[in-house]
Amino acid sequence: MNALAGRPRAIVHRTHGNTHGPITRLMSPGDLGQRLKPFVFLDRFSLQARAGQAFGMHPHSGIATLTYLTEGDTLYEDSTGQYGVLPAGGVEWMRAGGGVWHTGALAPGVTHVHGFQLWVALPAAEENAPAHSLYLAPSQVPQEGPARVLLGRYGAAQSAIPAPAPINYLAVRLQDGERWIYQPPVGHTVGWVAVDAGRLDAGDSGGPIGTGELAVFEESEGAIGLVARGETAFVLGSAVKHPYELVTGYYSVHTSPAALARGEAEIRRIGAGLRERGQRA
């Protein structure tokens, strides 16, 4: 299909989310996650060293998290045994599966870290599978045109991360006045954008999508047409809709109460082991 042939998707919801300190929660499983699943959670964060801000050791199960840094380097560590430094432009993929704990903090000498953390609901076959983590340096994140492919495939560029379902997650930069038309793969009826800098005109009567704003598009297979107003950076997600219910715990999302119970039991077991080794959990 020619991306210009049909009517671009309309925006059906817009939000600036809820801000608590350095984190703005744009989507969670209890609100937009129900509409946008498998995308169930999105934070835009901005941490400052002088404020002593960090992500403490915390657990997950039933989901995968993808953390994308736009500024600053972070230290990472997780209960699979991985640890190191994730630089700006890099990606952390943590498939929590049956249970994992992880943490992050500003790297030494870094004063500011900025980026996004996304949660993706896992299908039933993977929600209680062993945890698996993958850390990509900026050079390992492929690019097609203005889009860096964080997850999935766009054009000839494909992420090294094994997507658990048909999902695309892109980080895009456009110059002032530049027009970009995203034609999602067949079946990707879920679509949204979150602006990190600048503004995007999506032909919506509500005006441009501003910095810090998330826009949800109608469910269809139509194209998403965008024009930058100023130098603009944003993330975009599209996917085949997750066919399962969202059964939520505090740090977990599963497809059934039984699967949630297994995940939370494994989280408790791992946490006890971390505490026995003197780690804060």
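The values are calculated or read from the model by the stated rules, or taken from the named source; none is laboratory data. Owing to the predicted nature of the structure, the values given are computational and were not obtained by experimental measurement. All Cβ positions, even for glycine, are placed from backbone atoms using ideal geometry, and neighbour counts span all protein chains on display.
Return yes or no: is H58 over 22 Å from L134 (Cβ atoms) and not basic (K, R)?
no
From the residues in the range 172-196 that are closer than 10 Å to L236 by Cβ, part of a strand (DSSP E or B) and of a type outside the set (A, V, I, L, M), which one is farthest from the chain's Cα centre (by Cα)?
Among those that are closer than 10 Å to L236 by Cβ, part of a strand (DSSP E or B) and of a type outside the set (A, V, I, L, M), it is W180.
Is it true that some residue in the range 23-31 is modelled with pLDDT under 90 and in contact with a Leu (Cβ under 6 Å, 6 or more places away or on another chain)?
Within the range 23-31 (the criterion being modelled with pLDDT under 90 and in contact with a Leu (Cβ under 6 Å, 6 or more places away or on another chain)), the answer is no, since none of the residues qualifies.
Here is a yes/no grid of residues against (1) under 22 Å from D73 (Cβ atoms); (2) surrounded by 14 or more Cβ atoms within 10 Å (Cβ to Cβ); (3) small (G, A, S):
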| position | (1), (2), (3) |
| --- | --- |
| L150 | yes, yes, no |
| G155 | no, no, yes |
| R199 | no, yes, no |
| P208 | no, yes, no |
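Need at least 1 residues that are buried (at least 16 other Cβ atoms within 10 Å of the Cβ) per element, so show me which strands (runs of 3 or more DSSP E) inside the range 1-111 make the cut, counting only ones lying wholly within it.
Values: elements: 11-15, 18-20, 23-27, 39-48, 54-60, 63-71, 74-78, 83-86, 91-95, 100-106.
Filter on the range 1-111 gives 11-15, 23-27, 39-48, 54-60, 63-71, 74-78, 83-86, 91-95, 100-106.
Working carefully through the options S133, S159, S139, find the one that is modelled with pLDDT under 95, of a type in the set (S, T, Y) and out of contact with any His (no Cβ under 7 Å at 6 or more places or on another chain).
After ruling out the rest, the residue left standing is S133.
With closer than 15 Å to K37 by Cβ and acidic (D, E) as the only criterion, which of E276, E219, E266, E231 stands out?
E219
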